1. Taking the range 206-227, which residues are assigned to a helix (DSSP H, G or I) and of a type in the set (A, V, I, L, M)?
2. Out of all the residues in the range 141-161, which are crowded, with 19+ Cβ neighbours inside 10 Å and of a type in the set (A, V, I, L, M, F, W, C)?
3. Given the options Tyr258, Tyr242, name the one that is of a type outside the set (D, E, K, R) and within 22 Å of Leu102 (Cβ to Cβ).
4. If we scan the range 226-237, do we find a residue that is more than 17 Å from Met106 (Cα to Cα), in contact (Cβ under 8 Å) with a residue 24 or more places away in the chain and basic (Lys, Arg)?
5. So how many residues does the range 25-49 have that are part of a helix (DSSP H, G or I), under 25 Å from the mean Cα position of the chain (by Cα) and among the polar types (S, T, N, Q)?
6. Would you confirm whether or not the range 47-61 contains a residue that is touching a His at 6+ places or on another chain (Cβ under 6 Å) and open to solvent by 50 Å² or more (accessible area, probe 1.4 Å)?
7. How many residues are open to solvent by 10 Å² or more (accessible area, probe 1.4 Å) and either of a type in the set (Lys, Arg) or under 15 Å from the mean Cα position of the chain (by Cα) (or both) if we restrict to the range 218-249?
8. List, please: which pairs have Cβ atoms under 6 Å, are six or more places apart or on different chains, and start with a residue in the range 87-106 that is over 12 Å from Leu23 (Cβ atoms) and end with one that is part of a loop (DSSP other than H, G, I, E, B) and not aliphatic (A, V, I, L, M)?
Amino acid sequence: MKFNPKKMSFGRHETFPLRYSWLTKAYQELIIDSAVFDAEDATVKLGVGKNMVNAIRYWAQATQIIEKTEIGYQPTLLGDFIFDENEGVDPYLEDEATIWLLHWHMASNPEQATCAYWMFNCYHKPEFTSEQAIDSLVDFVKQNSNTKPSKNTLKNDVAVALRMYSDTRPKAKQFSDEFLDTPFASIKLLSLLPDNKTYKVQVGDHEHLPIEVLAYAVASLFNATGEKALAIEDLMYGKNDYPAPGAVFCLTESAFLYKLEKLEQRKDTPFRFRETAGVRMLFRTSDVQLEPMNYLRRYYEQSSFIEAAA
């Protein structure tokens, strides 16, 4: 979760943006064969070309639904929670809350999804062109690492991120299912302005972001830092190379505070607001490790989507 300049990753998606079906495919095939991504018939099992096999593996790691272990690739607890055939809460990504959750996991994963981490935690320009973003990412890498990925590699990373997160649509003759099948576009965090070259970050209330998903992110951050209290400003904008839930979810300060206040009002919540030396802080009232997954269980148990699907 914390950015480590010695561990950055670029260009592993083979220039393919994430598609809806890929995470489900990755999980389902991995359950059957932990070596599926290295198998000679991986293209047959996953139903895609060789380069897409690598892309599917990458996006599954970037969103943290699978991980590499000593015995091969394995599903994570998050992967099981979402995609398990019998008990998975949303194996086909039909609930927008799951898209927000996967977005958090990618934007808080600087080791494997450095571009997404940088874009949502470090690059705070409200409007920008792709060229400006590329130049800024190049500078970010130069300032933080001795490794030097090519500018073309970084350019491709920015292009894929913009394609995944924006409402950009090509002209009819260029239209393909790739542009209809990108899950992160559904949460509308970026938009292309009428000049067709400037992107705008859609900072707002994001009413469709469940409080439970935000609570999951906040609790995960508390666990990662080991802190008893975090300043609201740090939760909003980040500090010490940790991701910032407010920035990752593109919330306004007022919307972020409103959601935290609603969270504080809930029964058995371990969070309380206090002011220390004029700085508003969010304190955890429990000394034990927080259980972020409890918030997700609560959301999906009461979700109208789950009830409708049952």
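1. Those that are assigned to a helix (DSSP H, G or I) and of a type in the set (A, V, I, L, M): Ile211, Val213, Leu214, Ala215, Ala217, Val218, Ala219, Leu221, Ala224.
2. Within the range 141-161, Val141, Leu154, Val158, Val160, Ala161 meet the criteria.
3. Result of the check over Tyr258, Tyr242: Tyr242.
4. yes
5. Residues meeting the conditions: 1.
6. Taking the range 47-61 and keeping what is touching a His at 6+ places or on another chain (Cβ under 6 Å), we get 55, 58.
Adding the requirement that they be open to solvent by 50 Å² or more (accessible area, probe 1.4 Å) leaves none.
Scanning the range 47-61 turns up no residue that is touching a His at 6+ places or on another chain (Cβ under 6 Å) and open to solvent by 50 Å² or more (accessible area, probe 1.4 Å).
7. 5
8. Cβ pairs passing all conditions: Glu96/His208; Ala97/Pro210.
The values are calculated or read from the model by the stated rules, or taken from the named source; none is laboratory data. It should be emphasised that the depicted structure is a prediction, and the values quoted were computed from it without experimental measurement. Cβ atoms come from the backbone with ideal geometry, glycine included; neighbour counts cover every protein chain shown. Heads up: the accessible areas ignore ligands, DNA and RNA and are worked out on the full protein's heavy atoms, side chains in. Shrake-Rupley method; radii C 1.70, N 1.55, O 1.52, S 1.80 Å.
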